[in-house]
Amino acid sequence: MTGKLIRSDLEQISAVTLDHYGQRAEAFWNATREHDVNQNIAALLRHIESRPPFRILDLGCGPGRDLKAFSDAGHVAVGLEGLARFADMARAYSGCEVWEQDFLALALPKDAFDGVFANAALFHVPTQELPRVLHELRDTLKAGGVLFSSNPRGNDEEGWQRGRYAVFHSLEGWRRYMMAAGFVELEHYYRPKGLPREQQPWLATVWRKPKV
């Protein structure tokens, strides 16, 4: 990224990125419906210390695959999705409440969730706006709550990538943003599980909001 992004730039980033998914909503759902992210779901749930059922925010829930998994496990899951088509699909598939909100214009309740699940979502947030967004996610967590994030990893490259705005965070770079937002690291790992590192394009990290 070069230069400061103004409001119209941010609006374009959201609109174009969402349109990219909107043009291929059904194909995206067909391609990702059977993806196994149980490792990621388990990583979030095992670190939550409150008594279940947990209240979970699925940030960027897409058509609702993981939202349904949380709900089927007995938790109170709420989806958040910027694309109206995906939000409709998620409601129909999961039976859960889904809020239609832009990542860059969140309106979240304070101290409302035990966990935030951001699977393949936050890499669409420009780094200029990331500190603000992370603070908003921290604020919507209860004290001691947990945030899971999975992003395609890289060397902190940022910009347009095949019709979508994307940031390819390094572990060190992502840590700086998360720690600056007041989170404490619990664990990190690379995906898919069991492959050589060069064949693991996804970086998963788990963080806690301090209790005090």
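The values are calculated or read from the model by the stated rules, or taken from the named source; none is laboratory data. Note that the coordinates shown come from a computational prediction; the quantities given were computed from them, not determined experimentally. Because the Cβ atoms are built from the backbone with ideal geometry, glycine has one as well, and the counts that use them run over all protein chains shown. The protein model used for the area step is the full one, side chains on, heavy atoms only, and it has no ligands, DNA or RNA in it. Shrake-Rupley method; radii C 1.70, N 1.55, O 1.52, S 1.80 Å.
Data table
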quantity: Boolean, SER50 is assigned to a loop (DSSP other than H, G, I, E, B), at pLDDT 95 or above and not hydrophobic (A, V, I, L, M, F, W, C); calculated: yes
quantity: Residues within the stretch 66-83 that are in contact with a strand residue (DSSP E or B) (Cβ under 9 Å, 6 or more places away or on another chain) and either of a type outside the set (A, V, I, L, M, F, W, C) or open to solvent by 20 Å² or more (accessible area, probe 1.4 Å) (or both), tallied; calculated: 10
quantity: Unique residue being in contact with a Pro (Cβ under 9 Å, 6 or more places away or on another chain) and either farther than 18 Å from SER150 by Cα or part of a helix (DSSP H, G or I) (or both) when the list is LEU67, LEU5, LEU44, LEU18; calculated: LEU5
